[in-house]
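J.: Pasting a structure here, questions to come.
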Amino acid sequence: MGLNLIEILTWWIVLQIIALLALPISFYFCRNLKDQGYCVSKPLGILLTTYFSWIISFFTGYSYFSVLFSLAFTGIISLIIYFIYMKKTHISVNKAYILKFEFLFLLSYIIFTMIRAYSPEIYWTGGEKFMDMTFINSMLRTSEFPPLDPWMSGNVTYYYYFGYLIVANLIKISGVFPSIAFNLATASFFALSFTTAFGIGFNLTERIKYGVITAFFVTMAGNLVGFFQLLDILRNGLEGLLSFSYWTSSRVIPDTINEFPFFSYLQGDVHPHMISVTFQLLVIILLLNNIRSDFLEWKNVLILGLAIGFLYPLNTWDYPLYIVLGILVSLTTMIFSNLNEKKEHLKPIKPIISIAVMTAASYLLYLPYHLSYKIDKSILLVPSGRSPLIFYLAIYGLFIFMIYTFIFQNIKNNPGNNSNIPNVSYILLSIAALITIFEFKLFIFDNIKEPIFEFEILLLILPLLILSTLSIRKDKNKNTVLILILINAGVLISVFCEFFYILDALGHGDPSLIRLNTIFKFYLQNWILWSVSAGYVLFQLRQQIDPGKVWGTIAVILILMVSMYPVFATIGKSSSFNGIPDLNGESYIKKEHPYDYQAILWFRDLEGQPVVLQAPGHLYEWNTAITTFTGLPTVIGWAGHEINWRYPNRSEIDRRWSDVERIYTSSDIREIEGLLKKYNVSYIYFGEVEAKRFVHQGLFDKYPEIFRKVFEYGDFEIYYVQN
């Protein structure tokens with residue numbers, strides 16, 4: 001046990017190498033940015049390396065060498081760009097900026113590495129760590145794409161897996177042990193998101209300070225619930241201060257999940273929605289670069305299509321939003337176009353063509369993935385159970401306050417023929433304020449968590465949609481227009497979630513949970529859009545940050561309120577930083593499950609992907625541990641997840657569950673043999689979970705010609721099936 005300093009350094013060096021190899025590419029595609037695209041060299045390098053490793057694997061198979069070749073290919077493209085483009089074009093990035101940027105990246109990486117070191121366990125409760133570790137280890141064993149599903153042997157993965165491919169690539173390059181890399185991945189994705197958000201803020205304002213503020217809003221700020229949680233603790237005495245629950249702020253609107261980036265990083269699940277934050281921010285940077293262009297060029301349209309398309313196999317929920325944003329920015333760039341004769345030889349693309357090219361690229365560049373992964377989800381109307389205004393404001397209160405102030409000031413500075421619209425908005429907002437006060441009273445005194453009437457949050461956000469749309473029409477500042485587009489997109493996300501939900505197995509099984517995943521995934525997108533916007537808004541309203549001004553006082557108070565969560569949630573999650581720091585997420589297994597741990601070590605030495613029979617997987621319990629920590633497939637893992645991924649088709653999952661139980665409990669050797677052959681089982685494990693669920697009848701020992709015992713540790717056994 002220890003802090004694993006060599007692994008920490010090695011992982012950081014690999015990220016730096018990837019960034020260096022991609023730097024000329026970043027410069028080439030992002031020349032409209034103040035920092036020439038330096039801030040995206042790391043995420044863009046990771047994207048390109050991941051994409052190339054995936055494409056190359058269709059020809060050579062996936063391996064350590066295919067990943068190295070993808071790195072080399074990225075470097076070759078950079079060299080070509082360097083000799084053809086950069087030698088003819090002056091690229092100048094302030095050295096002081098580079099040093100500050102790299103300092104911020106290293107600092108955020110080290111800090112979050114320390115946070116993870118005090119709660120590193122890849123545990124099965126309260127999150128998706130078992131699932132994430134399962135897929136990462138399985139990816140390390142795969143040799144082709146789509147990869148096999150480790151929780152449903154013989155089938156390909158029916159889930160967006162590019163996030164796991166990113167981590168697997170980094171593990172192959174660095175050689176870091178997977179259970180350590182799991183926590184370093186979380187730390188590095190935090191650092192990547194922090195510095196990419198910093199880059200957005202800096203390129204919008206050309207101020208280091210507002211880059212940091214933007215990064216804080218995006219990746220560190222909590223919602224307002226954390227502050228009220230702190231007040232409740234203080235009301236009962238200081239004793240509970242250090243046991244602050246980080247979990248509470250992620251469950252605000254009843255029967256939904258309301259994660260925000262810092263919660264996701266602190267939770268530490270290396271899950272697609274957390275990984276995708278960095279790449280959503282990358283797309284926003286590319287949108288900023290494009291909207292600043294005097295015209296749309298082929299190269300900018302194609303790289304945007306590549307980046308947006310990457311979101312589909314990374315976290316499919318994000319793709320529709322960003323393809324729409326790409327279309328809106330393309331249309332906006334057309335409006336701002338001001339071509340002159342000197343630029344005609346560059347052959348700008350017309351907006352309709354650029355939209356078609358971008359959309360086609362985002363799909364066709366990932367065609368092998370689309371051919372293997374089909375979505376069968378329905379979009380339905382929400383029958384009831386919408387968001388109470390008080391809880392919605394508890395999530396987005398700071399951002400809404402700042403954005404509304406900015407919009408009203410923008411309207412005031414650009415008056416038009418719609419002077420009555422702001423007055424109507426004031427009336428609607430006043431009604432929304434009264435509802436909020438009344439709901440607050442009902443919640444505090446009567447613990448009522450229902451909205452007073454349906455669609456009440458529309459009173460708050462529809463005026464924002466109308467006013468920001470009017471502002472887009474009048475504003476000539478490209479930075480401001482992009483921010484207004486992001487604000488509008490956030491409003492439309494919230495409106496969508498009030499009217500519609502994506503039907504999945506959770507909602508089908510329990511009607512109260514129909515919005516759980518929809519709110520979870522879309523509200524996280526909303527957070528990113530509005531937190532980026534808030535950084536720019538604060539810059540625009542900086543003259544009002546004055547203790548003597550009411551707005552400034554309220555803004556400072558709200559910022560302090562959202563700053564409580566990252567401090568106290570981190571202390572609580574890290575157990576006040578007591579104990580010995582250790583990044584190995586499986587260290588606890590040796591103490592808590594010593595017999596299973598020895599079996600894991602034995603299975604880890606096997607080559608390939610032979611199927612291991614284990615007890616069927618119950619959700620969020622200690623089971624299928626062999627698959628999780630070795631990547632070896634099993635007949636049926638956590639069935640609840642498989643049901644959701646393959647919804648509405650669950651008959652095969654139910655059948656496997658039943659068949660596995662029959663193998664462990666049947667006294668009919670012919671039936672057992674038939675089922676083992678059906679699922680191509682190579683090893684049967686009888687461990688901790690199996691011992692609790694099934695009575696060991698000793699049947700396997702009676703047929704040594706079929707079952708050869710290859711491992712025994714106490715009462716735990718492994719049998720090799722001799723076909």
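The values are calculated or read from the model by the stated rules, or taken from the named source; none is laboratory data. None of the values given here were measured: they were computed from a predicted structure. Backbone-built Cβ (ideal geometry, glycine too); neighbour counts: all protein chains shown.
J.: Pull out all pairs, ordered by first then second residue, where Cβ-Cβ is under 7 Å, the residues are six or more apart or on different chains, the first lies in segment 234-247 and is part of a helix (DSSP H, G or I), and the second is among the hydroxyl-bearing types (S, T, Y).
T.: L242/S576
J.: S293 is checked against (1) outside the structural domain of I323 (by TED's automatic domain parsing); (2) at pLDDT below 95; (3) not in a helix (DSSP H, G or I) and fails just one. What number does that condition carry?
T.: Failed condition: (1).
One line per residue, one yes/no per condition, for (1) among the hydroxyl-bearing types (S, T, Y); (2) over 30 Å from S108 (Cα atoms); (3) in a loop (DSSP other than H, G, I, E, B); (4) touching a residue at least 24 places away in the same chain (Cβ under 8 Å):
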{"position": "V567", "(1), (2), (3), (4)": "no, no, no, no"}
{"position": "D582", "(1), (2), (3), (4)": "no, no, yes, yes"}
{"position": "G585", "(1), (2), (3), (4)": "no, no, yes, yes"}
{"position": "F603", "(1), (2), (3), (4)": "no, yes, no, yes"}
{"position": "L606", "(1), (2), (3), (4)": "no, yes, yes, yes"}
{"position": "E621", "(1), (2), (3), (4)": "no, yes, yes, yes"}
{"position": "L632", "(1), (2), (3), (4)": "no, yes, yes, yes"}
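J.: Please verify whether P320 is in the same structural domain as K42 (by TED's automatic domain parsing), surrounded by fewer than 18 Cβ atoms within 10 Å (Cβ to Cβ), at pLDDT 95 or above and under 23 Å from I46 (Cα atoms), treating the condition exactly as stated.
T.: In short, yes.
J.: Looking at segment 671-705 only, could you name the residues that are β-branched (V, I, T) and either more than 16 Å from G637 (Cα to Cα) or not assigned by TED's automatic domain parsing to the domain that holds V635 (or both)?
T.: I672, V695
J.: While we're looking at this one, here's another question. Confirm whether I466 is of a type in the set (V, I, T), under 16 Å from V495 (Cβ atoms) and within 29 Å of the chain's Cα centre (by Cα). Please lay out each step first, then the result.
T.: Numbers: of a type in the set (V, I, T): yes; under 16 Å from V495 (Cβ atoms): yes; within 29 Å of the chain's Cα centre (by Cα): no.
Spelling it out, it is not the case that I466 is of a type in the set (V, I, T), under 16 Å from V495 (Cβ atoms) and within 29 Å of the chain's Cα centre (by Cα).
J.: Pick out the one residue from L367, L325 that is at pLDDT 95 or above and either crowded, with 19+ Cβ neighbours inside 10 Å or not assigned by TED's automatic domain parsing to the domain that holds F162 (or both).
T.: Selected residue: L325, the only one of L367, L325 that is at pLDDT 95 or above and either crowded, with 19+ Cβ neighbours inside 10 Å or not assigned by TED's automatic domain parsing to the domain that holds F162 (or both).
J.: Looking only at segment 677-712, how many residues end up being charged (D, E, K, R) and assigned to a helix (DSSP H, G or I)? Talk me through it step by step, then tell me what you get.
T.: Applying the first criterion (charged (D, E, K, R)) to segment 677-712 yields 677-678, 688, 690, 692-693, 701-702, 705, 708-709, 712.
Among the residues that remain, those that are also assigned to a helix (DSSP H, G or I) are: 677-678, 688, 690, 692-693, 701-702.
Count: 8.
J.: Could you say which residue among S63, S41, S70 is touching a residue at least 40 places away in the same chain (Cβ under 8 Å) and either buried (at least 21 other Cβ atoms within 10 Å of the Cβ) or closer than 26 Å to R207 by Cα (or both)?
T.: Values: S63 fails: either buried (at least 21 other Cβ atoms within 10 Å of the Cβ) or closer than 26 Å to R207 by Cα (or both); S41 fails: touching a residue at least 40 places away in the same chain (Cβ under 8 Å).
After ruling out the rest, the residue left standing is S70.
J.: Quick check: anything in segment 469-476 surrounded by fewer than 18 Cβ atoms within 10 Å (Cβ to Cβ), of a type in the set (S, T, N, Q) and closer than 28 Å to T405 by Cβ?
T.: Restricting attention to segment 469-476, the residues satisfying the condition of being surrounded by fewer than 18 Cβ atoms within 10 Å (Cβ to Cβ) are 469, 473-476.
The next check asks that each one be of a type in the set (S, T, N, Q); those that pass are 469.
Of the ones still in play, those that are also closer than 28 Å to T405 by Cβ are 469.
Yes; the residues of segment 469-476 include at least one that is surrounded by fewer than 18 Cβ atoms within 10 Å (Cβ to Cβ), of a type in the set (S, T, N, Q) and closer than 28 Å to T405 by Cβ.
J.: For segment 539-565, what are the residues that are charged (D, E, K, R) and part of a helix (DSSP H, G or I)? Steps first, please.
T.: Applying the first criterion (charged (D, E, K, R)) to segment 539-565 yields 542, 546, 549.
Listed by number, the list holds a single entry, R542.
J.: Regarding segment 304-317, can at least one residue be identified that is assigned to a helix (DSSP H, G or I), over 26 Å from S57 (Cβ atoms), modelled with pLDDT of 85 or more and over 19 Å from the mean Cα position of the chain (by Cα)?
T.: No - not one qualifying residue is present in segment 304-317.
J.: Scan segment 666-676 for residues that are without any contact (Cβ under 8 Å) to a residue 24 or more places away in the chain and either outside any loop (DSSP other than H, G, I, E, B) or under 42 Å from the mean Cα position of the chain (by Cα) (or both) and jot them down.
T.: Within segment 666-676, R670, E671, G674, L675 qualify.
J.: What do you reckon, is K374 touching a Phe, Trp or Tyr at 6+ places or on another chain (Cβ under 9 Å), at pLDDT below 90 and surrounded by fewer than 20 Cβ atoms within 10 Å (Cβ to Cβ)?
T.: yes
J.: Right, here's the next one. Based on this model, can you work out whether S108 counts as more than 17 Å from P581 (Cβ to Cβ) and hydroxyl-bearing (S, T, Y)?
T.: Judged against the criteria, S108 is a match.
J.: Would you check which residues across segment 634-648 are crowded, with 24+ Cβ neighbours inside 10 Å, more than 22 Å from the chain's Cα centre (by Cα) and not in a loop (DSSP other than H, G, I, E, B) and list them?
T.: The one that is crowded, with 24+ Cβ neighbours inside 10 Å, more than 22 Å from the chain's Cα centre (by Cα) and not in a loop (DSSP other than H, G, I, E, B): T634.
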